[in-house]
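Engineer: First, the structure itself, so that you have it in front of you.
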4 protein chains.
Amino acid sequence: MSPAPVRVGVVGAGWWATSHHLPALAGHPGARLTGVVDRDPDRAAEAAAAFGTTSYPDLAVLLADVDAVVVATPHDTHHSVVMACLARGLHVLVEKPLALSFADAAAMARAADDAGVHLVVGYTHQFEDVAAFVRDAVRHRIGPLLQVTVEYSSRAARLYSGGTYGAEHGGGQARTQLTHALGMLCWVTGEEITTVAAFTEGHGHGVDVDDAAILRLSGGATATACSSGRTPDGVPVRQHIRYLGADGAIDHDLFRGEAVLFRADGTRVAREHSQHEPPYRAGEPARRFVDLIAGQGENPAPPGPAVAAVAAVEAILESARRGAYVRPSQMRCDHTR
Amino acid sequence: MSPAPVRVGVVGAGWWATSHHLPALAGHPGARLTGVVDRDPDRAAEAAAAFGTTSYPDLAVLLADVDAVVVATPHDTHHSVVMACLARGLHVLVEKPLALSFADAAAMARAADDAGVHLVVGYTHQFEDVAAFVRDAVRHRIGPLLQVTVEYSSRAARLYSGGTYGAEHGGGQARTQLTHALGMLCWVTGEEITTVAAFTEGHGHGVDVDDAAILRLSGGATATACSSGRTPDGVPVRQHIRYLGADGAIDHDLFRGEAVLFRADGTRVAREHSQHEPPYRAGEPARRFVDLIAGQGENPAPPGPAVAAVAAVEAILESARRGAYVRPSQMRCDHTR
Amino acid sequence: MSPAPVRVGVVGAGWWATSHHLPALAGHPGARLTGVVDRDPDRAAEAAAAFGTTSYPDLAVLLADVDAVVVATPHDTHHSVVMACLARGLHVLVEKPLALSFADAAAMARAADDAGVHLVVGYTHQFEDVAAFVRDAVRHRIGPLLQVTVEYSSRAARLYSGGTYGAEHGGGQARTQLTHALGMLCWVTGEEITTVAAFTEGHGHGVDVDDAAILRLSGGATATACSSGRTPDGVPVRQHIRYLGADGAIDHDLFRGEAVLFRADGTRVAREHSQHEPPYRAGEPARRFVDLIAGQGENPAPPGPAVAAVAAVEAILESARRGAYVRPSQMRCDHTR
Amino acid sequence: MSPAPVRVGVVGAGWWATSHHLPALAGHPGARLTGVVDRDPDRAAEAAAAFGTTSYPDLAVLLADVDAVVVATPHDTHHSVVMACLARGLHVLVEKPLALSFADAAAMARAADDAGVHLVVGYTHQFEDVAAFVRDAVRHRIGPLLQVTVEYSSRAARLYSGGTYGAEHGGGQARTQLTHALGMLCWVTGEEITTVAAFTEGHGHGVDVDDAAILRLSGGATATACSSGRTPDGVPVRQHIRYLGADGAIDHDLFRGEAVLFRADGTRVAREHSQHEPPYRAGEPARRFVDLIAGQGENPAPPGPAVAAVAAVEAILESARRGAYVRPSQMRCDHTR
């Protein structure tokens, strides 16, 4: 007898949910798409109709009907929505960033741990095979980590003038974009960021649009992180992390979903992108979230590194504001499931 | 009637001088290689014999016989040797870094200006055609500069355990290696660095081996600079500067001597390396120095940006030591010839 | 009132159909997946169950119920199946190669033309935006075409020992693999191949596994085509066409779905792959086939170039067998819809 | 006591000799540049003055005064000049191609063998370290060779309208340019070409400007060779050989002087270009020729593969003319020193 499908609700019916999470859930044989809720009831109704599910008027009502929730709401609402889900013992997949502050993020991680449920963060890149290759190589094949170079340029600045990604909802380049790379860095290394110093530049958007930061990792390595949301059309973005170790190095091209391991003996190992998958598989988190609840696989995007990334972003923004070195907050690791 | 050859003396007969400057001068029809001096008389004699010139026992005596001097001595001696040359009204080509401190470097720039002589700094990359392409593009073709990403990894750490590049002579990654990229950055942009914050890591060598810094440029752009001297054998080094502007971007690969301009209209312009020249033409500074004195061309490596690079390195090292943001010293630009 | 959905039948329920065509049709709102037929009734039944459609015992019965047919059967059956479909006035999407012989392929093209229906060939690469960019550039932006370099290596040799891609069903590297590149070449240039000479090597498989050919195009350009099915695991395949013109050149990387136009003025235009699509979108032909029947868009893979590719492959195999130059057959172009 | 310098004469004082061979010989401590001869006495006198040597009025007189000769005359004179040198027992470095016909080339190889002297062919690429890496890898690390893809595009067509590289002196793309790649192919594999078929296109120059050929190697591998002399300015040339073996592959970029070995286990070994050498070191053949005579090293460009390359070019041109497969002539290998 096949197991009962996982009953999943979706909170937030914006373009990301309708483009990626809802189709992925609708197409997953192990999931039943129970319903969708949005603060805009018309938008919820439209999404429900498109994906053959029910539009719920109220979050609490939806939560009563499901086993698991996908949260794709503005950044500043993640904490309250996710805490409501966890309070009911529901599994949660929440978009990145986990939260705007370390305090909120850590509370979410602890609540998930206490509830004994899965909390998965929507860091899509971590669901790629190449990410596991990079993680293994950084931990086991390049010797002690010496230095990391992070670049994450994008064209997101156009989103920051207001609305979901504007200042009022916790937008900006660090929280929206650089978080991808910092989340990957913390997940790959298993380390946290102990000190940062940063410059940011907002170009009048009310949020950071360009970020330049130095980071000290808990294992001692130094790092730089450079990120701009103003890459002009026509100029390729660069979303890349280089890990330099005492016995080798890894180049991880997040944008292309590819990596190369360089070993001290002069040999290299490349992971190239498949012809049959998009480099960025935005439906994968929802699919794997359902599988995880069904007992298959491990959590590719657990809360621990996501909390560390939130702490790093918080420290970067504070450092830039104050013109001083800042030590990100750290949580006890045994609380991160 | 052809002009009298420029009489050139060489101070320092180490491997760099004997590998590059002395052969270049010996082979230049417009130069007369008058003599060589070194604190080790045997080494001076050997070099003099190899290149058909005279070994001088004493710097002052050599200076009396020449029009121009190439200084290739340890970093910590640049200031005193160059000041002695300038005091006699001699033209000077001095290896990078110009000096260990801003105060020394600025004094040298001013002294050259006052003496009305050429002071050329041995930033070999600035003598490449591709550098002029990058400079023109950054200033005129990519719009306002937003962000710069500097990477300069090398294998120089093995030199830092003592001797010429050890702590006692002002060695270390920032002064020896990162200076290449910072000199290029200041020369290309025509800007100075107004604030820095940095981490350095010495791994017990007594000097910095890994550097991670953020920089604010005088025009407002943010930058990161990442540099390690511990790139393992078998791992390719990366010596690269990316300039991101509002209307385009440039990737400058210093190691390969190549660049690509990306324009907002989607077109690109590449400068690829010639088959007939080495990417790093270490004899070029001495050759062009002689030409410059003979009235040909402009100074491809003038003291202004070199002073700014010294100031930036000084600030990086101080920032890392103190764990605080530091504002590099700045000289009045009208003093830099 | 929205138009009635296109009733589509699928002939052949092998892995390609079940992996790509059937999911694409099942997910297309404008298509009704009427049924599937296969010479193996169990396989047909299984596929029908998986995609919520009907398994037909007999091709003729299925054809009576549909408007359009997707043919994904072994190469040697394309001609008879497609002719049966066209005889009933049905639109057809057939896998590449269109047929094993020029005579068969030309007959199919003429029959489609006479029936006034769409005949689409499953050259997936032609459905990519980058292909249209390459076609436009080759025809309008690089001047008269001088020379073309085709490489198409793969790992398909393991399929040739028997079964669908073995000698008995018209397998081999030229018909199975090189056809991708030759189809693209004919479609991009709008030209045919007027003369070929070739070597093939079968390594005992009974079909060609390695092909090396020279081609003369109808416009006068010379070309080489190199293709091996024995690329070892661990070695990246290369699937690439370079078009050299008098005023520019194009590099088309079929495997990555990318292209670069090099212009004589030194500027370049690159088409890079999107993060959100797989480089090889194998479901696209079926989707676009349905759209085409519904009146949307043009046929991205019309029979004319596909017939020319079949003729070229036929000539390559004959040339290699005879050790002589061979002129491929050519059909009157006005018969190719 | 150091050995007496090798007395070297140079035949031909055109731009190649004055740019590369004469400076290399003048700067080699083990060589004495005895004299230069040219059919244009003024040009010989000018070159002699520039390099501090003697202009000889007559070839025979020069040959009487030397141990070794560098021959840099038009292609069609190589045979007679070199045979005159060998008849006097002199060592010879001759520019590529060795000769215009197999008969001439084979006679030269046999004469050198009979005289017991060194005959070195000016295939500059074979003097690079990367070439030895490629040769070793092709012979020992990629398993049985399956297929080779040769591309050699350049901008040489402008030379073919007359003069040294025009039809009257044996110019054209195959003899002047493609010979570089064919010489490398024969040298790397140690094989000969057993059958060819080709197209050439002269665009009215009276010589071949574009070549497209298939080659069968003596070991059984198939190959294509594509070469055009009409690469527009602004379009990068591609000078590249890919060797595909049963257990790996090599990409050899002749233009950049780089190579990558791909192994079936997924690892790679790259040979990247040094910063301190030009990719094309045109002075190296003359320097190494002198060293070879002095007993140092082996002949990096022996006559055997050069004869095979001449035979292949001859067959390519004949095949294109006749529209038929042609078997290149082959010499007994034991005659090639």
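Engineer: Among the strands (runs of 3 or more DSSP E) lying completely within the stretch D:7-103, list those that include at least 1 residues that are surrounded by 20 or more Cβ atoms within 10 Å (Cβ to Cβ) and of a type in the set (Ser, Thr, Tyr).
Structural biologist: Counting at least 1 such residues, we get D:31-37.
Engineer: When the stretch D:134-178 is examined, which residues are found to be farther than 24 Å from D:Thr222 by Cβ and aromatic (Phe, Trp, Tyr)?
Structural biologist: Across the stretch D:134-178, the qualifying residues are D:Tyr160, D:Tyr165.
Engineer: Condition (residue is open to solvent by 30 Å² or more (accessible area, probe 1.4 Å), within 14 Å of chain A (Cβ to nearest Cβ) and either among the aromatic types (Phe, Trp, Tyr) or out of contact with any Ser or Thr (no Cβ under 6 Å at 6 or more places or on another chain) (or both)) applied to the stretch B:266-287: is it met by at least one residue?
Structural biologist: Looking for residues that are open to solvent by 30 Å² or more (accessible area, probe 1.4 Å), within 14 Å of chain A (Cβ to nearest Cβ) and either among the aromatic types (Phe, Trp, Tyr) or out of contact with any Ser or Thr (no Cβ under 6 Å at 6 or more places or on another chain) (or both), one finds at least one in the stretch B:266-287, hence yes.
Engineer: Further question on the same structure: Exactly one of (1) more than 19 Å from B:Ser227 (Cα to Cα); (2) in a loop (DSSP other than H, G, I, E, B); (3) within 14 Å of chain B (Cβ to nearest Cβ) is unmet by A:Ser161. Its number?
Structural biologist: Single failed check for A:Ser161: (3).
Engineer: Next up: Given the structure, is B:Gly229 open to solvent by less than 20 Å² (accessible area, probe 1.4 Å), within 25 Å of B:Ala137 (Cβ to Cβ), within 14 Å of chain A (Cβ to nearest Cβ) and not hydrophobic (A, V, I, L, M, F, W, C)?
Structural biologist: no
Engineer: Kindly list, by first and then second residue, each pair from a residue in the stretch A:194-211 that is over 20 Å from B:Ala197 (Cβ atoms) to a residue that is open to solvent by 40 Å² or more (accessible area, probe 1.4 Å) and not in a loop (DSSP other than H, G, I, E, B), limited to pairs with Cβ atoms under 7 Å and residues at least 6 apart or on different chains.
Structural biologist: A:Gly206/A:Ala167; A:Val207/A:Ala167
Engineer: Something else: Hey, can you tell me all the residues within the stretch B:1-33 that are touching a helix residue (DSSP H, G or I) at 6+ places or on another chain (Cβ under 7 Å) and of a type in the set (Ser, Thr, Tyr)?
Structural biologist: Result: B:Thr18, single match.
Engineer: Turning to a different aspect of this structure: Does C:Thr124 satisfy the criteria of being buried (at least 20 other Cβ atoms within 10 Å of the Cβ) and more than 24 Å from B:Thr267 (Cα to Cα)?
Structural biologist: When the stated conditions are applied, C:Thr124 passes them.
Engineer: Okay, next question. Go through (1) more than 14 Å from chain B (Cβ to nearest Cβ); (2) touching a residue at least 12 places away in the same chain (Cβ under 8 Å); (3) open to solvent by 10 Å² or more (accessible area, probe 1.4 Å); (4) closer than 30 Å to A:Gly266 by Cα for D:Leu317 and report which single condition fails.
Structural biologist: Failing condition for D:Leu317: (4).
Engineer: Let me ask something additional. Of everything in the stretch B:245-265 that's open to solvent by less than 10 Å² (accessible area, probe 1.4 Å) and more than 19 Å from the chain's Cα centre (by Cα), which residue is nearest to the other protein chains (Cβ to nearest Cβ)?
Structural biologist: B:Ala249
Engineer: Out of the stretch A:127-144, which residues are open to solvent by 20 Å² or more (accessible area, probe 1.4 Å) and either out of contact with any Lys or Arg (no Cβ under 9 Å at 6 or more places or on another chain) or under 22 Å from A:Asp210 (Cα atoms) (or both)?
Structural biologist: Within the stretch A:127-144, A:Ala132, A:Arg135, A:Asp136, A:Arg139, A:His140, A:Gly143, A:Pro144 meet the criteria.
Engineer: Just the residues that are under 21 Å from D:Ala137 (Cβ atoms) and of a type in the set (Asp, Glu), please, taken from the stretch D:263-303.
Structural biologist: Answer for the stretch D:263-303, where residues must be under 21 Å from D:Ala137 (Cβ atoms) and of a type in the set (Asp, Glu): D:Asp265, D:Glu272, D:Glu277, D:Glu298.
Engineer: Can you find a residue that is assigned to a strand (DSSP E or B), within 20 Å of the chain's Cα centre (by Cα) and not β-branched (Val, Ile, Thr) anywhere in the stretch A:191-209?
Structural biologist: No: zero hits.
Engineer: Scan the stretch C:139-158 for residues that are within 14 Å of another protein chain (Cβ to nearest Cβ) and either part of a helix (DSSP H, G or I) or within 20 Å of the chain's Cα centre (by Cα) (or both) and jot them down.
Structural biologist: Of everything in the stretch C:139-158, those that are within 14 Å of another protein chain (Cβ to nearest Cβ) and either part of a helix (DSSP H, G or I) or within 20 Å of the chain's Cα centre (by Cα) (or both) turn out to be C:Val148, C:Thr149, C:Val150, C:Glu151, C:Tyr152, C:Ser153, C:Ser154, C:Arg155, C:Ala156, C:Ala157, C:Arg158.
Engineer: Only residues that are within 10 Å of another protein chain (Cβ to nearest Cβ), closer than 14 Å to D:Gln173 by Cβ, open to solvent by 20 Å² or more (accessible area, probe 1.4 Å) and not hydroxyl-bearing (Ser, Thr, Tyr): list them for the stretch D:188-226, please.
Structural biologist: Selection gives D:Glu201, D:His203.
The values are calculated or read from the model by the stated rules, or taken from the named source; none is laboratory data. Keep in mind that what you see is a predicted model, and the values were worked out from it rather than measured. With ideal geometry, Cβ positions are generated from the backbone for all residues, glycine too; neighbour counts draw on all protein chains shown. Protein only, heavy atoms only, side chains kept; ligands, DNA and RNA dropped before computing areas. Shrake-Rupley method; radii C 1.70, N 1.55, O 1.52, S 1.80 Å.
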